[in-house]
Amino acid sequence: MKEQAIDNKELILALEELENEKGIKKEYLLESIETALVTAYKRNFDSLENVKVEMDKKTGATHVYSLKEVMENANDEATEISIKKARKINPNLQEGDIVEIEIKPRDFGRIAAQTAKQVIIQKLREAEREIIYTEFNERKGEIVSGLIQKADRNIVVMDLGKLEGIMLAKEQIPTEKYHVNDKIKGYVLDVERGVKGAPQVMVSRSHPDFVRKLLELEIPEIYEGVIEIKSVSRDPGYRSKVAVYSPDPNIDPVGSCVGQKGVRIQNVINELNGEKIDVIEWNEDPSIYIAASLLPAQILAVDIKQEEKFAQVIVSDDQLSLAIGKSGQNARLAARLTDWKIDIKSETQFRQMLMKTQEENTTKEIE
């Protein structure tokens with residue numbers, strides 16, 4: 001076979017440039033190219049040999065070596081060499097040693113160049129995916145905007161520019177309808193590696209923190225930390241409750257969030273397509289906080305059991321249905337917001353309960 005070494009200084013210069021610009025180590029790329037060249041050699045030359053490929057780190061020259069085991073008598077010329085022949089190469093070789101014999105396969109320079117190019121392109125793609133993954137992974141908990149590419153009952157796919165956003169059915173607002181080419185916002189839940197390692201952003205519009213982040217974007221005092229969102233509970237598409245607090249006594253946290261004539265909160269409501277938002281003031285006194293959490297209902301009394309985190313709430317008869325809410329929604333959201341168990345009774349129900357307790361106690365005394 002005609003001798004042909006691959007001398008490609010341009011390749012080395014290209015690898016050094018990639019290392020400087022993309023941060024991909026030259027040694028890593030060379031190792032990847034060498035591994036790919038072994039496969040390319042065996043495929044193109046239909047070889048059963050054990051081979052090793054080395055690239056010169058300075059010149060890019062490629063050398064191919066056939067690896068043969070030293071045997072007393074070689075039975076397989078592709079993988080074995082007799083000790084007699086081996087000692088002509090190196091007199092110190094012993095049976096069982098591995099000898100490297102350089103081979104000069106015809107046209108391997110062209111194959112090597114093509115393989116190197118393919119490996120570099122692949123590693124560049126992997127590096128770009130890693131950069132994008134890292135970039136979006138750092139955006140967990142933030143809001144992103146994108147155009148809808150696909151929408152059905154099970155999944156919404158958003159074009160976020162560099163990659164796709166995936167919104168599963170459970171992360172969608174049940175009252176919303178999504179259409180291709182609509183521009184929507186979403187909350188970044190997580191970043192996952194999808195098919196072939198391509199990153200995918202998992203997006204939600206139903207998560208309570210989506211409301212939290214929308215308020216942060218809309219209300220400067222929250223963004224600046226002057227007002228703190230203590231808790232959010234949500235029935236996506238229908239209603240949310242948000243507890244806010246400011247350590248500055250001169251600031252009205254609820255008024256600042258609602259805005260003049262409700263303009264600030266209305267912008268958030270519009271983004272959520274009409275979802276109602278109750279903004280209430282957080283208080284370290286659980287009885288005051290729980291009473292506020294049940295707004296718009298007016299509360300007469302709150303009796304708490306601190307250890308059990310249980311609250312007995314009393315309302316006037318005409319406020320009972322408002323306090324509980326349709327299908328128990330108001331009470332349920334209040335319980336989630338405060339992280340307390342809440343039992344709501346009307347005045348009449350409470351009196352009946354007291355009378356029943358008194359009767360039972362009287363019966364016990366008589367017995």
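The values are calculated or read from the model by the stated rules, or taken from the named source; none is laboratory data. Values in this document were obtained by computation on a predicted structure and should not be read as measured data. Backbone-built Cβ (ideal geometry, glycine too); neighbour counts: all protein chains shown.
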Legend entry - Matching residues, the range 188-228, being in a helix (DSSP H, G or I) and aliphatic (A, V, I, L, M): Val195, Val211, Leu214, Leu215, Leu217, Ile222
Inset, instruction - Scan Ala113, Ala78 and give me the residue that is assigned to a loop (DSSP other than H, G, I, E, B) and of a type in the set (Gly, Ala, Ser). - result: Ala78
Inset, instruction - Considering only the range 245-317, give the strands (runs of 3 or more DSSP E) lying wholly within it that have at least 3 residues that are under 37 Å from the mean Cα position of the chain (by Cα). - result: 276-281
Inset, instruction - Report, by residue number, each residue of the range 83-110 that is surrounded by 17 or more Cβ atoms within 10 Å (Cβ to Cβ), free of Cβ contacts under 8 Å to residues at least 24 places away in the same chain and not in a helix (DSSP H, G or I). - result: Leu93
Legend entry - Criterion (under 17 Å from Thr35 (Cβ atoms) and among the hydrophobic types (A, V, I, L, M, F, W, C)) met by exactly one of Ala151, Ala112: Ala112
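One line per residue, one yes/no per condition, for (1) in contact with a Gly (Cβ under 6 Å, 6 or more places away or on another chain); (2) among the hydroxyl-bearing types (Ser, Thr, Tyr); (3) surrounded by fewer than 20 Cβ atoms within 10 Å (Cβ to Cβ):
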{"site": "Gly165", "(1), (2), (3)": "yes, no, no"}
{"site": "Val180", "(1), (2), (3)": "no, no, yes"}
{"site": "Tyr187", "(1), (2), (3)": "no, yes, no"}
{"site": "Ser204", "(1), (2), (3)": "no, yes, no"}
{"site": "Phe210", "(1), (2), (3)": "no, no, no"}
{"site": "Gly225", "(1), (2), (3)": "no, no, yes"}
Inset, instruction - Considering only the range 160-187, state which residues are touching a residue at least 60 places away in the same chain (Cβ under 8 Å) and either part of a strand (DSSP E or B) or under 16 Å from the mean Cα position of the chain (by Cα) (or both). - result: Lys185
Inset, instruction - Give Lys9, Lys22, Lys2 a once-over and let me know the one that is more than 26 Å from Asp107 (Cβ to Cβ) and either at pLDDT below 85 or touching a Ser or Thr at 6+ places or on another chain (Cβ under 7 Å) (or both). - result: Lys22
Inset, instruction - Within the range 62-79, count every residue that is exposed (fewer than 15 other Cβ atoms within 10 Å of the Cβ) and at pLDDT 85 or above. - result: 1
Inset, instruction - Please work out which residue is farthest from Gly186 (Cα to Cα), limiting yourself to the range 269-305 and to residues that are among the hydroxyl-bearing types (Ser, Thr, Tyr) and buried (at least 21 other Cβ atoms within 10 Å of the Cβ). - result: Tyr289
Legend entry - Every pair of residues 6+ apart whose Cβ atoms lie under 9 Å, when the first sits in the range 112-125 and is surrounded by 13 or more Cβ atoms within 10 Å (Cβ to Cβ) while the second is polar (S, T, N, Q) and part of a helix (DSSP H, G or I): Thr115/Thr39; Val119/Ser32; Val119/Thr35; Ile120/Ser32; Lys123/Ser32
Legend entry - Test: Leu29 is within 30 Å of Thr134 (Cα to Cα) and of a type in the set (A, V, I, L, M, F, W, C): yes
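Go through the range 146-159 and give me each residue that's assigned to a loop (DSSP other than H, G, I, E, B) and of a type in the set (Lys, Arg).
Arg153
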Inset, instruction - Determine which single condition Val258 fails, assuming it passes every other condition in (1) crowded, with 17+ Cβ neighbours inside 10 Å; (2) modelled with pLDDT of 95 or more. - result: (2)
Inset, instruction - Collect the residues in the range 22-61 that are exposed (fewer than 15 other Cβ atoms within 10 Å of the Cβ) and among the β-branched types (Val, Ile, Thr), keeping them in residue-number order. - result: Thr35, Thr39, Thr59
